[in-house]
Ligand code: SF4
Ligand code: SF4
């Protein structure tokens, strides 16, 4: 049975959250996991410009210290984004990382974009999936001696669940890899609902939306399927094709995640930080009120066991009274499907399991 270590968010004098994170890492035997002088990637998400919900650099700082104590040589990393924004190329990405606290001075390790200056540096990794035979994974991740995933567990505008599966798939893919996962998820417009408010126009990172007779129109030649316009629309006029296409998108995400997890077997430690559980992902240039109360930090060497344990506990957490979604939260098995019924996000766990990842777990509490 795979072990999932868990510590809650209660803290007191002499036992801070940072201290509890260190205890969790020791329980996971970080010292024997890291070899002397190994290059150890800390896979983070530094947050899009304007986002305030992303994970604090202080967690990365603590882990950097522990990796150094174990004899490793840590670096902070993430992949460049498909859409234009503050992390689309290596230069902008480093600037955004520094603005969001991920500087050498704050964290004690350099930030190195995993897929290079233009998101082109990848290594093909085999996967026997329905949709892919290889995954284009960032070289800076594949070539690490060891990797620790620091995942902010929250909702996601396209995948429903923004957790470790998402971090392993889209988060480890080069720009070409992201493109092929997104290729079937382009939205469509329900014209009668469109008020012409232009929110989608402003949100589109690719300039793919124009306004014609006060209605939004998508240029599918430019659209990359990022879903930013869907999240921006308050009138249910901009809609992702959530039927077969969305299912295919979720399956593609799983195939990439499983390719990465298999390749990184025995090299990866996964952490989910179920705190500040926002309704949109950290790629979104704004952060709304969290949907449920903070839960805690989870860690495991088994990514799907970790994801399942985190989802189950987060789904039991009380709705945040100030959340825009508080009336939708019924404490069912998947809170993310409750707030976004149109995304069958259970499929992420189900298909990852079908592809061979184990999801059984034994929860071990760390105080
Ligand atoms: S955000 Fe929605 S309602 Fe506003 S212009 Fe775009 S599609 Fe129309
Ligand atoms: S999905 Fe929407 S926001 Fe993203 S590129 Fe296409 S039209 Fe633009």
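The values are calculated or read from the model by the stated rules, or taken from the named source; none is laboratory data. Please read all numbers here as calculations on a predicted model, not as lab measurements. Quick reminder, even Gly has a Cβ in these numbers, built from the backbone with ideal geometry, and neighbours come from all protein chains shown.
Of the numbered conditions (1) surrounded by 24 or more Cβ atoms within 10 Å (Cβ to Cβ); (2) farther than 30 Å from residue 33 by Cα, residue 182 fails exactly one; give the number of that condition.
With (1) surrounded by 24 or more Cβ atoms within 10 Å (Cβ to Cβ); (2) farther than 30 Å from residue 33 by Cα applied to residue 182, the lone miss is (1).
Kindly indicate the residue of the range 238-270 that is touching a helix residue (DSSP H, G or I) at 6+ places or on another chain (Cβ under 8 Å) and under 25 Å from residue 290 (Cα atoms) and also modelled with the lowest pLDDT among those meeting that condition.
Applying the filter and picking the extreme gives 240.
Within the range 216-228, take every residue that is more than 17 Å from residue 178 (Cβ to Cβ) and in contact (Cβ under 8 Å) with a residue 24 or more places away in the chain and give me the one that is surrounded by the fewest Cβ atoms within 10 Å (Cβ to Cβ).
By that ranking, first place goes to 220.
Would you kindly identify the helices (runs of 4 or more DSSP H) lying entirely within the range 46-127 that contain at least 3 residues that are in contact with a helix residue (DSSP H, G or I) (Cβ under 6 Å, 6 or more places away or on another chain)?
Passing ranges, in order: 57-69.
Out of the range 204-215, which residues are outside any loop (DSSP other than H, G, I, E, B), surrounded by fewer than 21 Cβ atoms within 10 Å (Cβ to Cβ) and touching a helix residue (DSSP H, G or I) at 6+ places or on another chain (Cβ under 7 Å)?
211, 215
Considering every residue within the range 309-327, establish whether at least one is under 15 Å from the mean Cα position of the chain (by Cα) and closer than 27 Å to residue 363 by Cα.
The answer is yes, given that some residue of the range 309-327 is under 15 Å from the mean Cα position of the chain (by Cα) and closer than 27 Å to residue 363 by Cα.
For the range 304-346, give me the residue count where each residue is buried (at least 16 other Cβ atoms within 10 Å of the Cβ) and either outside any helix (DSSP H, G or I) or touching a residue at least 40 places away in the same chain (Cβ under 8 Å) (or both).
The number of residues fulfilling the criteria is 25.
Do you know which of the residues in the range 255-292 that are part of a helix (DSSP H, G or I) and over 12 Å from the mean Cα position of the chain (by Cα) is nearest to residue 226 (Cα to Cα)?
Result: 256.
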